[in-house]
1. If you take the residues of the stretch 190-205 that are in a strand (DSSP E or B) and either charged (D, E, K, R) or under 15 Å from ASP233 (Cβ atoms) (or both), which of them is farthest from the chain's Cα centre (by Cα)?
2. The conditions are (1) within 18 Å of the chain's Cα centre (by Cα); (2) surrounded by 16 or more Cβ atoms within 10 Å (Cβ to Cβ); (3) among the hydrophobic types (A, V, I, L, M, F, W, C), and ALA176 fails exactly one of them. Which is it?
3. On the basis of being among the basic types (Lys, Arg), over 21 Å from GLU44 (Cβ atoms), touching a Ser or Thr at 6+ places or on another chain (Cβ under 8 Å) and within 16 Å of the ligand (Cβ to nearest atom), does ARG197 make the cut?
4. Among (1) of a type in the set (D, E, K, R); (2) within 14 Å of the ligand (Cβ to nearest atom); (3) under 13 Å from ASP188 (Cα atoms); (4) surrounded by fewer than 16 Cβ atoms within 10 Å (Cβ to Cβ), which single condition is ARG247 missing?
5. Which residues, counting only those in the stretch 3-17, are within 26 Å of the chain's Cα centre (by Cα) and open to solvent by 70 Å² or more (accessible area, probe 1.4 Å)?
6. In the stretch 1-31, what residues are in a loop (DSSP other than H, G, I, E, B), touching a residue at least 60 places away in the same chain (Cβ under 8 Å), within 26 Å of GLY131 (Cα to Cα) and not small (Gly, Ala, Ser)?
7. Given the criterion of a type in the set (S, T, N, Q) and within 24 Å of LYS108 (Cβ to Cβ), identify the matching residue among THR302, THR294, THR240.
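The values are calculated or read from the model by the stated rules, or taken from the named source; none is laboratory data. It should be emphasised that the depicted structure is a prediction, and the values quoted were computed from it without experimental measurement. Here Cβ is always computed from backbone atoms with ideal geometry, including for glycine, and neighbour counts include all displayed protein chains. The area values use the complete protein model at the heavy-atom level, side chains included, leaving out ligands, DNA and RNA. Shrake-Rupley method; radii C 1.70, N 1.55, O 1.52, S 1.80 Å.
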Amino acid sequence: MTSPASVVLVFLDPAFPNGRLADASQPQLMATDQGATRGDGVFESMLAVGGAVRKLQAHLDRLGGSALAMDLDIPGQEQWRRAIETGVAEYRTQHPATTPAEDEVVVKLIVTRGTEGASSPTCWVQVSPVGAAGRRQRETGIDVILLDRGYDSDAAERAPWLLLGAKTLSYAVNMAALRHAHKQGADDVIFTSSDGRVLEGPTSTVLLAHLETSDDGTGGTRTVRRLVTPQLDSGILAGTSQEALFRAAAAAGWELGYGPLEPHDLLEADAVWLISSIRLLAPVNHIDGKEIGTPAVQKQLTAELNELFARIQ
Ligand code: PLP
């Protein structure tokens with residue numbers, strides 16, 4: 001659990017061009033705020049390394065897209081950038097990192113619709129430490145179960161009010177799925193659609209890799225490395241990590257693919273990962289109790305992708 005003492009808050013406030021610092025141990029929201037009463041709002045979670053937020057532009061763009069999907073008129077990106085800078089600098093002053101490996105913080109951007117009848121949303125930046133579980137899962141890998149999300153893969157297009165591709169504050173279902181997995185002894189979840197497609201994790205994007213070895217025409221062999229993710233129009237959140245890693249992997253010679261994927265594709269893969277901005281790449285060891293790939297290949301591919309991902313700004 002994160003104690004308020006290790007959280008820095010910066011509210012976006014027209015009277016404070018660089019954002020207004022606020023005390024996380026004191027009440028800061030009205031009890032009637034619709035973020036609290038209805039989960040009505042949007043958010044982003046980002047990782048800052050050495051004081052710099054990774055993939056900041058992609059996160060700001062996605063926040064704008066999520067807000068648009070909910071008819072929320074949010075402050076401009078420059079205001080967010082200044083508040084983020086204030087929050088990260090304040091955090092680093094209060095909690096100087098002792099080693100470069102510890103110099104990572106979680107930066108959240110949060111927007112609520114404000115109190116009933118409010119003319120503008122409530123917006124703030126929260127800076128807090130990275131949890132131990134995320135760091136551990138990067139190293140040890142995770143066991144995952146498949147859970148039906150109950151929507152078919154066309155629901156996002158047919159019913160945009162479900163906000164399936166937006167990062168909204170209504171994450172109670174995602175958290176319930178994680179608790180369900182923990183009760184079964186698993187670490188995480190991969191959602192499937194009611195028509196049998198692989199979707200995403202409750203807080204992550206699904207990636208899989210295939211190695212295809214073929215004749216190179218000169219008597220030798222060549223191995224093609226293929227990185228695949230579910231197609232974006234199936235009602236999933238577009239992951240900024242997946243997008244950035246795909247660009248880096250393509251430049252490093254990987255072939256890329258976008259679903260549709262079914263559970264058997266995961267079980268037949270050489271490696272599967274859940275990827276997100278905070279946890280980074282978490283290798284999947286088992287899905288519904290079945291081992292994925294071989295440990296040696298998984299380890300080698302994870303190391304290669306981790307190296308590519310670490311270079312992304
Ligand atoms: N999908 C969902 C539902 C998420 O909540 C997240 C991140 O929290 C992701 C995917 C991964 O997105 P990103 O890589 O931008 O962190």
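1. Only one residue tops the list, namely VAL198.
2. (2) is the only condition that ALA176 fails.
3. Details: among the basic types (Lys, Arg): yes; over 21 Å from GLU44 (Cβ atoms): yes; touching a Ser or Thr at 6+ places or on another chain (Cβ under 8 Å): yes; within 16 Å of the ligand (Cβ to nearest atom): yes.
Against the criterion (among the basic types (Lys, Arg), over 21 Å from GLU44 (Cβ atoms), touching a Ser or Thr at 6+ places or on another chain (Cβ under 8 Å) and within 16 Å of the ligand (Cβ to nearest atom)), ARG197 qualifies.
4. (3)
5. Within the stretch 3-17, the first condition is being within 26 Å of the chain's Cα centre (by Cα), and the residues that meet it are 3-12.
Matches in the stretch 3-17: ALA5 only.
6. THR2, VAL7, GLN28, LEU29
7. Details: THR302 fails: within 24 Å of LYS108 (Cβ to Cβ); THR294 fails: within 24 Å of LYS108 (Cβ to Cβ).
Checking each option against the conditions leaves just THR240.
Rundown of residues vs (1) β-branched (Val, Ile, Thr); (2) farther than 20 Å from GLY134 by Cα; (3) open to solvent by less than 10 Å² (accessible area, probe 1.4 Å), yes/no style:
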position	(1), (2), (3)
ALA269	no, yes, yes
LEU281	no, no, yes
ILE287	yes, no, yes
THR294	yes, yes, no
